[in-house]
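Here is the structure we will look at.
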């Protein structure tokens with residue numbers, strides 16, 4: 001009975017979310033901000049591991065990250081829409097739709113070609129964004145302060161409120177994804193990763209799996225972009241640059257596709273390494289990040305998710321039913 | 001009108017030649033090692049920096065100024081000699097045979113490291129070595145005026161491409177490399193030392209990357225951040241031409257070079273993203289590039 | 001043009017070449033419901049190419065293929081599988097990091113029209129079905145082992161079991177005993193025959209072992225250089241002069257009566 005409860009996805013998630021929200025009261029403000037940013041990046045990473053479960057890696061998630069951020073920002077500036085929750089939801093829908101439109105084009109390709117085509121999309125968007133002066137060109141623009149159900153929190157609490165919202169959103173998304181990964185379509189996606197031809201020969205469409213996963217990844221990437229924009233209070237074309245996309249791939253590889261919470265942990269690690277080295281070694285933070293990245297790929301090739309897959313996860317290697 | 005077309009063609013040819021030299025090493029390394037090397041851009045920057053450092057020393061020695069080309073070659077060689085063992089032996093070798101995308105990420109990490117290595121060695125200041133660019137004077141075509149050095153890049157591109165082609169197709173060691181490209185396992189069984197071939201191929205790729213940096217140094221101000229754009233530019237070339245194909249790199253460089261030159265003169269707003277546009281267009285219609293390889297039967 | 005005869009599967013005037021190699025040379029084959037047909041011939045004679053064309057992996061250069069009277073020549077493997085033709089592979093195409101149980105779970109999922117995104121794939125109904133399937137193929141003891149660690153014969157059986165989940169009309173088996181040790185071959189074929197016995201299934205299989213061919217099929221089609229050189233009951237085909245010369249070789253093959 002107790003064991004069943006402990007293995008229950010919803011129970012685990014709610015427990016984790018509550019703990020984090022309570023912790024947020026006691027941890028310093030800079031850490032609250034770092035966690036919020038990590039959640040933004042983690043959402044994008046979740047999208048990539050969803051793709052990875054179907055055998056694809058996108059090197060251009062900056063594309064949807066940018067679209068999500070810019071839609072949230074433009075709605076805030078021009079439509080006066082400042083409700084953070086609503087903006088996150090709208091960016092999810094908008095980029096999900098964009099993803100659905102370009103997915104059939106991308107889903108025909110595999111491996112390095114999929115990665116490079118997605119990268120090309122993000123670079124085209126970057127090229128366009130830096131040219132449009134109406135939305136700030138390469139400088140981007142400032143987002144209006146967020147509200148929550150019509151209330152604007154005071155500056156002291158704004159970061160914490162956004163932190164709580166992002167944890168709730170991330171928790172909700174994680175629960176849904178865990179259900180998807182455990183479901184039959186989720187299992188078929190894993191099969192596509194292993195042997196696409198066989199899946200076709202069993203009568204299922206690998207193409208559809210790729211389209212679905214890309215659409216999910218696009219929606220999540222857009223939501224991450226919106227959250228990142230809201231947290232920073234600023235958006236610029238750097239959101240779509242290939243180095244940003246590279247960080248998302250890094251998070252996903254570091255996490256591995258075996259576990260959902262590992263993605264947020266990986267994103268947090270990246271943000272912590274970035275802010276520590278940015279603070280103490282401002283000239284060499286890329287070097288530290290690069291070395292950290294190489295070491296983590298060498299020493300944990302299947303990702304940090306492989307450490308606690310038994311506790312947390314779904315279809316994993318050699319699992320007894 | 002004629003002048004304008006001629007300008008576009010010459011500008012395009014110069015830019016295409018530069019792109020080709022930059023992309024040649026990248027596509028060659030992918031062809032042999034199946035690694036899409038993001039750090040290629042970093043090696044390019046190291047080449048530029050070392051030329052910008054060595055050339056002034058060379059001038060201060062009072063040598064005949066034509067020999068500055070030798071300095072550029074030496075600095076490119078030096079970069080390749082230092083980088084190859086560290087990158088190929090030290091890091092990349094651990095990942096052979098693994099997922100291509102994972103290796104891209106590893107090279108991205110190396111790229112990040114190289115970015116800061118440049119800052120640590122050369123600081124944040126810009127370096128200038130414009131002297132070599134004056135070496136060949138200027139040429140006039142009617143009303144057009146071109147720097148001889150820029151035109152010489154066309155010759156350098158042709159030379160690099162032909163040399164690599166010749167070595168690959170007409171020499172014993174080149175044929176071994178081709179065999180490895182074709183089938184590393186079988187070549188290995190037949191006694192080819194794959195590790196040595198990979199090391200040599202990576203060295204050639206690194207040398208070409210550094211060389212392109214060396215020859216670019218007189219054209220730009222060598223400073224932090226010069227590698228980031230080069231990564232995308234060289235990627236665009238090899239993606240258009242097909243990963244791993246030398247003739248493909250020629251075509252890719254020409255397409256982007258000409259399109260960009262045409263944009264500069266006719267549609268300046270589009271200059272920056274015309275390249276991405278070409279790349280996206282090619283990927284949509286011919287995703288494996290113009291010169292794709294044949295796939296083996298699976299079942 | 002519709003095939004109006006009551007053949008279940010019908011290949012008409014199929015030609016296919018790969019460069020200079022002729023893999024199918026005016027192949028005409030009709031298969032009736034319930035037949036157990038074996039395809040024989042040396043390597044490169046066109047047996048696997050025929051299977052690949054029937055299942056849509058390769059398209060014939062000319063000619064047409066009909067299934068239940070409907071043309072399927074240009075359809076892709078997925079659609080053909082959905083219509084009722086399943087296959088196994090010479091090299092088992094199974095999902096290596098998963099267990100045998102999970103492999104069958106994938107097969108079961110793909111055989112359904114709709115799958116819920118929020119329902120655990122390991123539902124009681126699915127589990128019961130998979131356990132039955134494993135029982136039928138005598139694979140119970142391997143259920144939860146990662147398939148990449150399993151012996152050759154077990155992998156072959158799993159590959160076939162997965163093809164069968166969809167309850168196809170035709171099952172194509174590409175060399176079910178290749179890569180399996182000599183002493184494993186007969187137990188494998190017996191398990192397979194037992195597993196297939198309950199079904200009203202048409203089976204076409206490629207096989208090199210003439211003893212197995214005689215024991216498990218009631219019709220033989222012999223290929224040589226892309227062409228069908230003999231087609232009929234076991235005895236007739238194995239005694240055919242051309243078959244003896246090009247396929248079975250000089251070794252004496254005694255047809256069983």
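The values are calculated or read from the model by the stated rules, or taken from the named source; none is laboratory data. Being a predicted model, the structure only gives us computed values, none of them experimental. All Cβ positions, even for glycine, are placed from backbone atoms using ideal geometry, and neighbour counts span all protein chains on display.
Restricting attention to the range A:131-145, the residues that are crowded, with 21+ Cβ neighbours inside 10 Å and under 23 Å from residue A:246 (Cα atoms) add up to 1.
One residue stands out in the range A:182-207 among those that are in contact (Cβ under 8 Å) with a residue 60 or more places away in the chain and either under 30 Å from residue A:70 (Cα atoms) or in contact with a strand residue (DSSP E or B) (Cβ under 9 Å, 6 or more places away or on another chain) (or both): the one that is farthest from the other protein chains (Cβ to nearest Cβ), namely A:207. Would you confirm whether or not the range C:174-187 contains a residue that is in a strand (DSSP E or B), in contact (Cβ under 8 Å) with a residue 24 or more places away in the chain, away from chain A (no Cβ under 12 Å) and under 24 Å from residue C:46 (Cα atoms)? Within the range C:174-187 (the criterion being in a strand (DSSP E or B), in contact (Cβ under 8 Å) with a residue 24 or more places away in the chain, away from chain A (no Cβ under 12 Å) and under 24 Å from residue C:46 (Cα atoms)), the answer is no, since none of the residues qualifies. Apart from one condition, residue B:129 fits all of (1) part of a loop (DSSP other than H, G, I, E, B); (2) closer than 28 Å to residue B:154 by Cα; (3) within 14 Å of another protein chain (Cβ to nearest Cβ); the exception is (3). When the helices (runs of 4 or more DSSP H) confined to the range A:48-162 are screened for residues that are more than 10 Å from chain B (Cβ to nearest Cβ), those reaching at least 1 such residues are found at A:62-78, A:84-106. Of the strands (runs of 3 or more DSSP E) lying entirely inside the range C:1-106, none contains at least 2 residues that are over 15 Å from residue A:201 (Cα atoms) and within 14 Å of chain A (Cβ to nearest Cβ).
Of the residues making up the range B:30-46, one or more are closer than 24 Å to residue B:176 by Cα, at pLDDT below 95, in contact with a helix residue (DSSP H, G or I) (Cβ under 9 Å, 6 or more places away or on another chain) and more than 14 Å from chain A (Cβ to nearest Cβ).
Within the range C:123-141, being part of a loop (DSSP other than H, G, I, E, B) and either out of contact with any helix residue (DSSP H, G or I) (no Cβ under 7 Å at 6 or more places or on another chain) or touching a residue at least 60 places away in the same chain (Cβ under 8 Å) (or both) holds for one residue alone: C:123. Each residue in the range B:266-286 was checked for being surrounded by fewer than 20 Cβ atoms within 10 Å (Cβ to Cβ) and modelled with pLDDT under 75, and 3 pass.
All told, residue B:208 meets the bar of being buried (at least 21 other Cβ atoms within 10 Å of the Cβ) and within 27 Å of residue B:9 (Cβ to Cβ). Residues that are surrounded by 15 or more Cβ atoms within 10 Å (Cβ to Cβ) and within 12 Å of chain A (Cβ to nearest Cβ) within the range C:151-170 comprise C:158, C:159, C:161, C:162, C:163, C:164, C:165, C:166, C:168, listed in sequence order.
For (1) within 14 Å of chain A (Cβ to nearest Cβ); (2) more than 14 Å from the chain's Cα centre (by Cα); (3) in a helix (DSSP H, G or I), each residue gets a yes or a no:
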| position | (1), (2), (3) |
| --- | --- |
| B:195 | no, yes, yes |
| B:203 | no, no, yes |
| B:214 | no, no, yes |
| B:227 | yes, no, yes |
| B:232 | yes, no, yes |
| B:235 | yes, no, yes |
| B:258 | no, yes, yes |
| B:263 | yes, yes, yes |
| B:269 | yes, yes, yes |
